[in-house]
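Structure record follows, encoded as structure tokens.
Read-outs: derived from the displayed coordinates by stated rules, not from any lab. These figures come from a predicted structure and were not determined experimentally. Here Cβ is always computed from backbone atoms with ideal geometry, including for glycine, and neighbour counts include all displayed protein chains.
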Amino acid sequence: MPKFYLALLGFLLACSSETIPPDPDRVGFTYFPLQVGDFRIYQVHQEEFSIFAQSDTFDFQIKELVVDSFPAQNEFTYVLHRFSRADDTQPWDLDSVWTARRTANHAIRVENNVPFAKIVFPVVLDKVWDGNVFNTRAPEDYQITDVGGSWDTPAENFTNTLTVFENQEPDTLIFQDIRQSVYARNVGLIYRFSSILDFCNSEPSCLGTLEVGTKIEQVLIEYGME
């Protein structure tokens with residue numbers, strides 16, 4: 001074989017052996033962006049129910065700020081400082097420190113020292129996975145229920161979003177567990193809803209009566225870079 005063709009063949013083989021990085025948009029990485037300096041502010045409405053006391057309602061704001069990153073296991077872990085305040089007339093108080101990281105297959109948030117697999121990659125409609133795969137809790141099915149939809153928040157009308165249901169136990173006479181998260185491309189989490197309620201079922205007279213539970217709605221109102 002002529003030297004020219006041998007050289008060409010060697011070049012083509014070398015090119016084919018190179019690893020081509022995945023397209024972040026197609027895989028879905030951009031629904032879970034991580035960059036030092038990113039911040040997101042949420043308005044939170046929380047309701048606490050109890051059969052033994054009057055129900056309480058709380059309205060407050062949460063700010064998440066990516067303050068640092070460090071290498072770990074061939075990836076980068078990002079440090080999230082979470083602040084809280086009653087409203088925008090008050091100063092921020094540091095509430096907790098969480099972390100987040102993104103692997104080739106998972107978007108992982110460590111919340112109060114418990115890691116959750118928030119998203120799996122590539123993002124595919126109706127995909128189901130165990131959100132507790134990285135912790136010791138019982139398996140729990142997360143499911144992608146919408147890709148590319150729109151979602152309106154006080155911060156912006158987002159036109160490319162990802163919806164994940166972390167649980168879909170509907171209203172029953174005993175228990176309700178509904179948790180939903182919505183992510184926007186290049187922004188991250190923009191909406192979260194959680195309703196976990198326990199109802200009385202010990203005797204017919206109280207069947208279906210709410211005993212204890214919590215509802216939380218978290219909506220993005222501002223985001224950017226510090």
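Applying 0.36 nm per residue to the separation of Val114 and Gln46 and subtracting their alpha-carbon distance, the gain on full extension is 22.3 nm.
Potential lengthening of the chain between Asp25 and Ser150 amounts to 43.4 nm, from the contour at 0.36 nm per residue minus the alpha-carbon distance.
D by Stokes-Einstein for the chain, Kirkwood Rh over Cα pairs, 4 °C, 1.567 mPa s: 65 µm²/s. Between the helical axis of 3-17 and the longest alpha-carbon principal axis of the chain there is an angle of about 10 degrees. Here the simple spin-label model places points 7 Å from the Cα toward Cβ, and for Thr89 and Ile196 these points are separated by 3.3 nm. The slack between Val128 and Phe70, meaning 0.36 nm per residue of separation minus the straight C-alpha distance, is 17.9 nm. Pairs of Lys residues in the chain are counted when their Cα atoms are under 25 angstrom apart and they lie 8 or more places apart or on different chains; the count is 4. Across every pair of non-identical alpha carbons in the stretch 119-226, the mean reciprocal distance, once inverted, gives a Kirkwood radius of 15.7 Å. Across the options Ala100, Tyr42, Gln180, the greatest Cα extent toward the positive end of the charge dipole of the chain (unit charges at beta carbon of Lys, Arg, Asp, Glu) belongs to Ala100. Ordered by the number of other Cβ atoms lying within 10 Å of each residue's own Cβ, fewest first, Glu211, Glu203 fall into the sequence Glu203, Glu211.
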